[in-house]
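One structure below.
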Amino acid sequence: MSKVLYEKDINKEVLQGKKIAVIGYGSQGHAHALNLRDSGFDVVIGIRPGNSQKKAEEDGFTALAVDEAVKQSDVVMVLLPDELQARVYTESIKDNLKEGSALAFAHGFNVHYHQIVPPANVDVFLVAPKGPGHLVRRTFEEGAGVPALYGIYQDYTGNAKDVALAYSVGVGGARAGVIETTFQEETETDLFGEQAVLCGGATALIKAGFETLTEAGYQPEVAYFECLHELKLIVDLLYEGGLENMRYSISDTAQWGDFVSGPRVINDETKARMKEILEEVQNGEFAKGWILENQANRPKFNAINARENQHPIEKVGRELRDLMPFVKNPLK
Ligand code: NDP
Ligand code: MG
Ligand code: MG
């Protein structure tokens, strides 16, 4: 089994007296910055003028231009959107990094696919919480944490690992467990997971189930509750106790249906598709497509996004969620 590290295994003193620049104040940025500050570290935000800058200032941070924040800092955590990192790095980060400082990421994409080539005289590491930023903050406030991966790409000072581990304590990851990885493994598993299982796989499964029921004439409201709303309750059981716990809680009828029908939905053919997806992540094909899509100002991304937002499951879902005040929509 991989070695899992917890707060008791890690010395966070190596970051005491150091300044950490969190670049970007979005989903991950606000969570890292607030958690690190609550853990006793000295944090400054590097951001452009706009909403995120205002939010950082409202939260009590000093918000500087990116180049200024980098110049002042010993650790520079880049939490910009992946597709913008290379440009901001070239314009505002690269020439302002102090020798012996650390350049850090929460996802290995840009370094692994060589969109950012760090100078030789800095440490380069990643600390990637395995969860959405808003939960990285919420769980921290609740006294818990989201597990994190850490990886070292370049160890100029000889301290890169200690600094990365101290950072993972600061962000709350070490409360749940921290595992060593490489930039390659983090990047490839993260991209595969979000495409095949967590985001792409799950949304395609939900939509296919909803469409099958409504095309057969069942009420959209019933199909929504069955295929989307209830999934959260099932996932909570999986999260708490694995497949066994979920199957313990559902009826034996549901469990029998799980055994005989699940493998007909996700079958050898699906797995062959998953292998293709993994291959395209590994050989850079996916990264190339995403980088080019951004260079073309996202024509395909925007078209698909607009169409997806009009899907009948979204329309009925909006209406039903408005009637459930306990279901909080963070976008509202
Ligand atoms: P977001 O899109 O939520 O936030 C990006 C931030 O960058 C915003 O504050 C934005 O500010 C700022 N920004 C954008 N352009 C610039 C610029 N030119 N100069 C300065 N600031 C800028 O990003 P995420 O938090 O989703 O992603 C950050 C990183 O974390 C990525 O590497 C991602 O892969 C990784 N990650 C994300 C996870 C998540 O939960 N979302 C999970 C694990 C890893 P503005 O408001 O001005 O646009
Ligand atoms: Mg990801
Ligand atoms: Mg049922």
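So what is the relative contact order of region 4-181, in percent, for Cα pairs below 8 Å that sit 6 or more residues apart?
27 percent
Ordered by packing density, taken as the mean number of other Cβ atoms within 10 Å over each peptide's residues, highest first, how do 222-234, 141-153 rank?
Answer by packing, highest mean first, reads 141-153, 222-234.
Return the ratio Rg/(2.2 N^0.38 Å) for the chain, where Rg is computed over Cα atoms only.
1.09
Which whole DSSP H helices in the chain pass both tests: a Cα extent of 27 Å or more along the axis and a mean Kyte-Doolittle value no lower than -1.0?
The answer is none, since no helix passes both cut-offs.
How far, in nm, would the chain grow between Q282 and D236 when pulled straight, counting 0.36 nm per residue and subtracting the alpha carbon separation?
Extending this stretch completely gives an extra 13.4 nm.
What are the equivalent ellipsoid semi-axes of region 264-306, built from the alpha-carbon gyration tensor (square roots of five times its eigenvalues), in whole angstrom, biggest first?
26, 16, 4
Take A144, project a point 7 Å from its Cα along the Cβ direction, then tell me which residues of region 242-257 have their backbone nitrogen under 14 Å from it.
242
Sorting check: for 117-130, 57-70, 308-321, 252-265, which peptide has the highest mean count of neighbouring beta carbons within 10 Å, and how do the rest follow?
Top to bottom by mean Cβ count within 10 Å: 117-130, 57-70, 308-321, 252-265.
Percentage of Cα-Cα pair distances in region 216-332 greater than 26 Å, rounded to whole percent?
Cα-Cα pairs of region 216-332 separated by over 26 Å account for 49 percent.
Assign unit charges at the C-beta atoms only (+1 for Lys and Arg, -1 for Asp and Glu), then state the dipole size of region 4-181 relative to its Cα centre in Debye, rounded to the nearest 20.
Computed about the Cα centre, the dipole is about 220 debye.
How high is the relative contact order of the chain, in percent, with contacts defined as C-alpha pairs under 8 Å that are six or more residues apart?
15 percent
Which of rounded, prolate or oblate describes region 132-213 when judged by the alpha-carbon gyration tensor and an a/c cut-off of 1.5?
Taking the square roots of the gyration eigenvalues as a ≥ b ≥ c, region 132-213 is oblate.
Putting +1 on Lys and Arg Cβ atoms and -1 on Asp and Glu Cβ atoms, find which of V44, A69, Y25 reaches farthest to the positive end of the dipole of region 4-181.
Result: Y25, furthest along the dipole toward the positive end.
Between N51 and Q255, what is the FRET efficiency for a Förster distance of 41 Å, r being their Cβ-Cβ separation, to the nearest 0.05?
0.30
Please give the FRET efficiency for A120 paired with R87, using the beta carbon to beta carbon distance and R0 = 30 Å, rounded to the nearest 0.05.
According to the calculation, E is roughly 0.85.
Based on Cβ point charges of +1 for Lys and Arg and -1 for Asp and Glu, what charge dipole magnitude is obtained for the chain about its Cα centre, in debye rounded to the nearest 20?
For the chain, the charge dipole is close to 600 debye.
Quick one: Cα centre-to-centre distance for region 149-194 and region 228-307, in angstrom?
Centre-to-centre distance over Cα atoms comes out at 25 Å.
Round to the nearest 0.05 the FRET efficiency obtained for E185 and L243 when R0 = 22 Å and r is the Cβ-Cβ distance.
After rounding, the FRET efficiency stands at 0.35.
Would you kindly state how much longer the chain becomes between E221 and E58 on full extension, computed as 0.36 nm times their sequence separation minus their alpha carbon distance, in nm to one decimal?
54.7 nm
Per 5 Å bin from zero, what fraction in whole % of the C-alpha pairs of region 4-181 is there, up to the bin with the longest pair?
1, 9, 19, 24, 23, 15, 7, 1
Starting from the 7 Å offset along Cα-to-Cβ, what nm value, one decimal, do you get for the label separation of N159 and R321?
So the two model labels end up 4.5 nm from each other.
Provide the gained length on full extension for the span Y6 to N329, in nm with one decimal, where the gain is 0.36 nm per separating residue minus the Cα-Cα distance.
113.0 nm
Give the residue from W290, G217, A176 lying farthest towards the positive end of the charge dipole for the chain; charges sit on Cβ (+1 for Lys and Arg, -1 for Asp and Glu) and the dipole is referred to the Cα centre.
Of the listed residues, the answer is W290.
Give, as a single signed number, the net charge of other residues whose beta carbon lies under 11 Å from the beta carbon of N159, with Lys and Arg counted +1 and Asp and Glu -1.
The answer is -2.
Determine, for each peptide in 202-214, 27-39, the mean count of other beta carbons within 10 angstrom over its residues, then list the peptides with the highest first.
Going from most to least packed, we get 27-39, 202-214.
Just so you know, all these numbers are worked out from the coordinates, no wet-lab data involved. Quick caveat, the model's predicted, so the values are computed rather than measured. Heads up, the Cβs are rebuilt from the backbone with ideal geometry, glycines too, and the neighbour counts pull from every protein chain shown.
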